[in-house]
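K.L.:
Before anything else, here's the structure in question.
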Amino acid sequence: MVDSIRVENVTKTFTRRYQRTLKQITVAKTRGQKTLDEFNAIDDVSFTIEQGESIGLMGLNGSGKSTLLKMINGVMRPDTGSILTRGTISGLIATGAGFHPQLSGRDNLVLNAAILGMSEKETKRKFDAIVDFAGLEDKLDGQVGHYSSGESARLGFAIAIHVDSDIFLADEVLAVGDKPFRAKCMERMLEIRDSGRTLFYVSHSAATVRRMCTRVLILDKGRLVFDGKPAKGITYLGYDEDETENPIDLDENDIGADI
Amino acid sequence: MTDLAADPVSQAPVDEADLPPLVAPSSRTGLKAVVQRRYLLKLLVRREISARYQGSVLGLMWSYINPLSQFCIYFFVMGVIFNLHKSIPNFAIHIFSAIVIVHFFTETMGAGTRSIVRNRQIVQKMAMPREMFPVATMLTSLYHVGPQLVILVVACGLSGWVPDAYGMASLVVGIAIIMLLGTGFALLLSAANVFFRDVGSAVNIFMNLIRFGVPMIYSYEMVQTRFGSFAQYYLYNPIADAVLLFQRAFWVGTVDPSNPQQPVMPEHLLGWGVSMVGVSIVVLGIGQVIFSRLEGKIPERL
């Protein structure tokens, strides 16, 4: 097999600034207060992912999952270390970001698809499939500003999921959308996994990770603390105990059964 | 993204040589990438054109009201009160040809400075060459220059305009200077504006300076009379050159040869213009270098 994503000693430092104006900074400095604070959102992380693997990235809120995903996607650059990827990247990250509320669903669809890297031909070819997947045929010429939040999320999802790529990134996919739509997404994700593309999936749901992924990475305060089989990873996080008690996770199991 | 990826499934017999190489995912940026993704650029320009005046009653008219109001103010104050009508022939066309160029530049710089911050939703979350936004702003402003040019040509036609080849060459060079220079400044300032929002306010002051640093409400002849041989330093301002080139294209051709007051233009104007295109390319290059340096920190600072 060949490498699809290679992450080597990556560190990303964020700076928190408490004051912005010159006056505030001067006051804080004379009082001996801190004016800025640095912390590593990602701290010396290394791993290699082979083509066709499906990875579950887990960890508590604020552990650096989204930052890592943004760096793999190319939105952010690592401060030190290197990230290399092979082929094109797409995914369900920030779906619907940049929708213009005053433009129609159709215009937003075309623009969003272009931002995600689709060519004019590709968009034309897939247009109907996207609209069909989103289930918004009758509202397509209305302003996106008049859509419900679920509807605009669905449109965003539908576009992102139709972009061809070698690497597919997904961030908390099942957090929005109604149940039938989530089932449809799940089905599509399994299709992507089985087509031999590299899948990189961020989730808190132990059930979906177990179902989708062949390997689990766990981040804790920006450090990679676990890399191995999904079952062990879920035990490591202690998520398996919740599974039987938590009604939300039971719901996720239901989705699994539906498909 | 391209047809390369159209069918990842068919890569069954894996041979590393057949696959795309391992690259940094954030490497596909820069003005070159903007040119490569023309389709996206076209859509962004179209979105900006249709979204800029969404919800306003007058819509696109606002793009003409602003320069028109400036025209009326300058024409009345300078022409009528200061009585410049008498010393500058066809004063209205002198002003208006300058306003078209100055407005193009200030629009590009003003909207360009805000372009990254305004599109923060996309910039923070999606991977694309961010130079796309300043460039799209410049092209949107250029789009608005079109109808103003039509007005200008009609006005010139009514004043007995005789177009000439040198003038048309000046027109092209003048527009090129502003396109390159405007994009350069927009790149630089849009990135700087992310770190210090003060930049947006400072730009407004700078734009006031520009209006008085070009031969719009006064003529180049006055500069020459006042400063004598120092007048050539005035020509080191590329925006002033662009304005002069535009006046060479339109205003000069409207003055009747029998008129005792003949328009005064600098010597070798086109030569100056072409060197300023060179200067503008350097500014654009500097803008790109600084933009690339700052870009890495943009998403987290927005």
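K.L.:
Condition first: of a type in the set (G, A, S) and either in a helix (DSSP H, G or I) or away from chain A (no Cβ under 14 Å) (or both). Now tell me which residues in the range B:36-72 satisfy that.
P.N.:
Selection gives B:S50, B:A51, B:G59, B:S63, B:S69.
K.L.:
Name every residue in the range A:48-57 that is out of contact with any helix residue (DSSP H, G or I) (no Cβ under 8 Å at 6 or more places or on another chain) and of a type outside the set (D, E, K, R), in order of residue number.
P.N.:
Listed by number, the residues that qualify are A:T48, A:I49, A:Q51, A:G52, A:I55.
K.L.:
Also, quick follow-up: For the range A:1-33, which positions are at the interface with another protein chain (Cβ under 10 Å from one of its Cβ atoms) and assigned to a helix (DSSP H, G or I)?
P.N.:
Once the filter is applied, which keeps residues that are at the interface with another protein chain (Cβ under 10 Å from one of its Cβ atoms) and assigned to a helix (DSSP H, G or I), the range A:1-33 yields only A:L22.
K.L.:
Within the range A:102-113, take every residue that is part of a helix (DSSP H, G or I) and within 8 Å of chain B (Cβ to nearest Cβ) and give me the one that is farthest from the chain's Cα centre (by Cα).
P.N.:
Here the residue is A:D107.
K.L.:
Would you check which residues across the range B:285-295 are within 12 Å of another protein chain (Cβ to nearest Cβ) and either in contact (Cβ under 8 Å) with a residue 60 or more places away in the chain or surrounded by 16 or more Cβ atoms within 10 Å (Cβ to Cβ) (or both) and list them?
P.N.:
Those that are within 12 Å of another protein chain (Cβ to nearest Cβ) and either in contact (Cβ under 8 Å) with a residue 60 or more places away in the chain or surrounded by 16 or more Cβ atoms within 10 Å (Cβ to Cβ) (or both): B:S292, B:L294, B:E295.
K.L.:
Which one of these is surrounded by fewer than 20 Cβ atoms within 10 Å (Cβ to Cβ) and either closer than 19 Å to A:S4 by Cα or at pLDDT 90 or above (or both): A:E191, A:E187?
P.N.:
Selected residue: A:E191, the only one of A:E191, A:E187 that is surrounded by fewer than 20 Cβ atoms within 10 Å (Cβ to Cβ) and either closer than 19 Å to A:S4 by Cα or at pLDDT 90 or above (or both).
K.L.:
Quick one: which residue in A:G196, A:G150 is surrounded by fewer than 20 Cβ atoms within 10 Å (Cβ to Cβ), more than 9 Å from every other protein chain (Cβ to nearest Cβ) and either touching a helix residue (DSSP H, G or I) at 6+ places or on another chain (Cβ under 8 Å) or closer than 26 Å to A:V75 by Cβ (or both)?
P.N.:
Residue meeting the stated conditions: A:G150.
K.L.:
Moving on to the next point. If you scan the range A:34-84, which residues turn out to be in a strand (DSSP E or B) and in contact with a Lys or Arg (Cβ under 6 Å, 6 or more places away or on another chain)?
P.N.:
A:L36, A:D37, A:A41, A:I42, A:D43, A:T48, A:S54, A:I55, A:L57, A:L84
K.L.:
Return yes or no: is B:S201 surrounded by fewer than 24 Cβ atoms within 10 Å (Cβ to Cβ) and within 14 Å of chain A (Cβ to nearest Cβ)?
P.N.:
Considered against the rule, which asks whether it is surrounded by fewer than 24 Cβ atoms within 10 Å (Cβ to Cβ) and within 14 Å of chain A (Cβ to nearest Cβ), B:S201 comes out as yes.
K.L.:
Of the residues that make up the range A:58-70, is at least one in contact with a helix residue (DSSP H, G or I) (Cβ under 9 Å, 6 or more places away or on another chain), crowded, with 23+ Cβ neighbours inside 10 Å and among the aliphatic types (A, V, I, L, M)?
P.N.:
yes
K.L.:
Does B:A33 fit the bill of being modelled with pLDDT under 85, within 30 Å of A:L68 (Cβ to Cβ) and assigned to a helix (DSSP H, G or I)?
P.N.:
When the stated conditions are applied, B:A33 does not pass them.
K.L.:
Further, regarding this structure: What's the total number of residues in the range B:254-264 that are touching a helix residue (DSSP H, G or I) at 6+ places or on another chain (Cβ under 6 Å) and buried (at least 19 other Cβ atoms within 10 Å of the Cβ)?
P.N.:
Going through the range B:254-264 one residue at a time, the tally reaches 2.
K.L.:
What about A:G145, is it surrounded by fewer than 21 Cβ atoms within 10 Å (Cβ to Cβ), within 12 Å of chain B (Cβ to nearest Cβ) and more than 28 Å from B:V35 (Cβ to Cβ)?
P.N.:
The answer is yes for A:G145.
K.L.:
Further question: How do the helices (runs of 4 or more DSSP H) wholly within the range B:210-292 filter down when requiring 3 or more residues that are under 17 Å from the mean Cα position of the chain (by Cα): which remain?
P.N.:
B:238-249
K.L.:
Exactly one condition in (1) in a helix (DSSP H, G or I); (2) under 15 Å from the mean Cα position of the chain (by Cα); (3) modelled with pLDDT under 85 is false for A:L250; which is it?
P.N.:
(2)
K.L.:
Ok, one more. Being in contact (Cβ under 8 Å) with a residue 40 or more places away in the chain and within 14 Å of another protein chain (Cβ to nearest Cβ) narrows it down to one of B:P147, B:P129, B:P134, so name that one.
P.N.:
On inspection, the qualifying residue turns out to be B:P129.
K.L.:
Out of everything in the range A:71-101 that is more than 7 Å from every other protein chain (Cβ to nearest Cβ) and in contact with a helix residue (DSSP H, G or I) (Cβ under 8 Å, 6 or more places away or on another chain), what residue ends up being modelled with the lowest pLDDT?
P.N.:
A:G96
K.L.:
For the range A:120-138, does any single residue satisfy the condition of being in contact with a Ser or Thr (Cβ under 8 Å, 6 or more places away or on another chain) and surrounded by fewer than 23 Cβ atoms within 10 Å (Cβ to Cβ)?
P.N.:
No, the conditions are met nowhere in the range A:120-138.
K.L.:
Given the conditions (1) surrounded by fewer than 19 Cβ atoms within 10 Å (Cβ to Cβ); (2) in contact with a strand residue (DSSP E or B) (Cβ under 7 Å, 6 or more places away or on another chain); (3) within 30 Å of B:P20 (Cα to Cα), which single one is not true for A:I167?
P.N.:
Every listed condition holds for A:I167 apart from (1).
K.L.:
Here's something else I'd like to know. Report every pair of residues separated by at least 6 positions or lying on different chains whose Cβ atoms are under 7 Å apart, first residue within the range A:114-141 and within 14 Å of chain B (Cβ to nearest Cβ) and in a helix (DSSP H, G or I), second surrounded by fewer than 12 Cβ atoms within 10 Å (Cβ to Cβ) and at pLDDT 90 or above.
P.N.:
none
K.L.:
Please work out which residue is nearest to the other protein chains (Cβ to nearest Cβ), limiting yourself to the range A:34-49 and to residues that are of a type outside the set (A, V, I, L, M, F, W, C) and within 17 Å of B:P25 (Cβ to Cβ).
P.N.:
Looking at residues that are of a type outside the set (A, V, I, L, M, F, W, C) and within 17 Å of B:P25 (Cβ to Cβ), I get A:T48.
K.L.:
Say we look at the range A:108-119 and pick out the residues that are more than 16 Å from B:Q36 (Cα to Cα) and among the polar types (S, T, N, Q); which of these is surrounded by the most Cβ atoms within 10 Å (Cβ to Cβ)?
P.N.:
A:N112
Every residue, every condition in (1) more than 21 Å from the chain's Cα centre (by Cα); (2) free of Cβ contacts under 8 Å to residues at least 40 places away in the same chain; (3) under 22 Å from B:L302 (Cα atoms); (4) surrounded by 12 or more Cβ atoms within 10 Å (Cβ to Cβ), yes or no:
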residue	(1), (2), (3), (4)
A:S4	no, no, no, yes
A:T11	no, no, yes, yes
A:Y18	yes, yes, yes, yes
A:I25	yes, yes, yes, yes
A:R31	yes, yes, no, no
A:A41	no, no, yes, yes
A:F47	no, no, no, yes
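K.L.:
Of the residues B:F96, B:F75, B:F82, B:F105, which single one is surrounded by 21 or more Cβ atoms within 10 Å (Cβ to Cβ), aromatic (F, W, Y), over 30 Å from B:R38 (Cα atoms) and away from chain A (no Cβ under 14 Å)?
P.N.:
B:F96
The values are calculated or read from the model by the stated rules, or taken from the named source; none is laboratory data. Remember, it's a predicted structure, so these values are computed and weren't measured experimentally. All Cβ positions, even for glycine, are placed from backbone atoms using ideal geometry, and neighbour counts span all protein chains on display.
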